[in-house]
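The structure appears right after this line, and notes come after that.
The numbers here are math on the coordinates, done by the rules we state, and not lab data. From a predicted model like this one, the values you see are computed outputs, not experimental measurements.
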Amino acid sequence: MNYSQPRVLFWSIVLVAGITASPGCAPKSPSGGALNPVTKIEARETDGKIELVVQSEQPIPQYASYQLTEPLRLIIDMPDTDVRKQEKVTVGKGVVLDIVPSQVDNLARLEIGLTQPSDAKFENERGRLIIAFAKPVGEAKTTPAPVSAPTTTAETAQPAAETPAQSVSDLGPASVVSAVQATADKEGATVVISANGSMVPNTFMADGKRLVIDIPGTMSKVRPKVIPVRKGGLDKVRVGQFTAKTVRVVLDLTRPMTYTATPK
């Protein structure tokens, strides 16, 4: 009899050195003034590929992206950004169905509906965040197999195929955060959060010095609670129980950083 280990899902946060804007051009924190307004969201098609362009008054130095299922969509979170004046954009081209903006406090969120899983490439330049999607993968064409003549040769019965292992997407929402690991070098840092199911964290920057990650519906079993790093712009990682059912992970930064977030 085979025994399998409990499935674990991971959520990875990658930080890289950010570009410090000149005084008066950087986005304001919630306690420091107005947010950075998004002025336009549009979709364009080039050679069968779809690009989404998010135009804002000032550069967008931080954002997090991750894909969710049921329904399939790409989430982009942008701290200290304002999308309240933007409306839903219907695309219906390539792998993109639509773009739905929403706002929670200082966090702007774009939910991009997808027809199939797709890798997205990001380009951040002078107040424009460009998200490019590859061409959709078409369904494979099948041709009927030729009918062979009857044969009297005995055929050896083939063993039944093994039942595929349970997909990690079948585990459901996470209830326990079991581990947090951090690695870093001079280029940046990577933080991996492990849990017993799928996670839908809420991320935001606090005072420009701390990246806060809240994971609803979970309890923490992480030891130690403070992970010193002191490399790659990351001083330390702190893990705690923010509410009875929300684990909070705080990344204390030593310099301006951009970040991306990806489930694994």
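At a glance:
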read-out: Over 19 Å between alpha carbons, listed pairs 121/236; 186/236; 40/88; 186/225; value: 121/236; 186/225
read-out: ³J(HN,Hα), Karplus 6.51/-1.76/1.60, whole Hz, each residue of the range 221-235, x for Gly, Pro; value: 10, 7, 9, x, 7, 10, 10, x, 10, 6, 8, x, x, 10, 7
read-out: Straight-distance crosslink candidates among aspartates and glutamates, where the alpha carbon sits under 13 Å from residue 231 and sequence neighbours closer than 8 are dropped; value: 185, 187, 252
read-out: Nearby aspartates and glutamates by direct alpha-carbon distance to residue 85 (threshold 20 angstrom, same-chain neighbours under 8 apart not counted); value: 42, 57, 77, 98, 105, 111
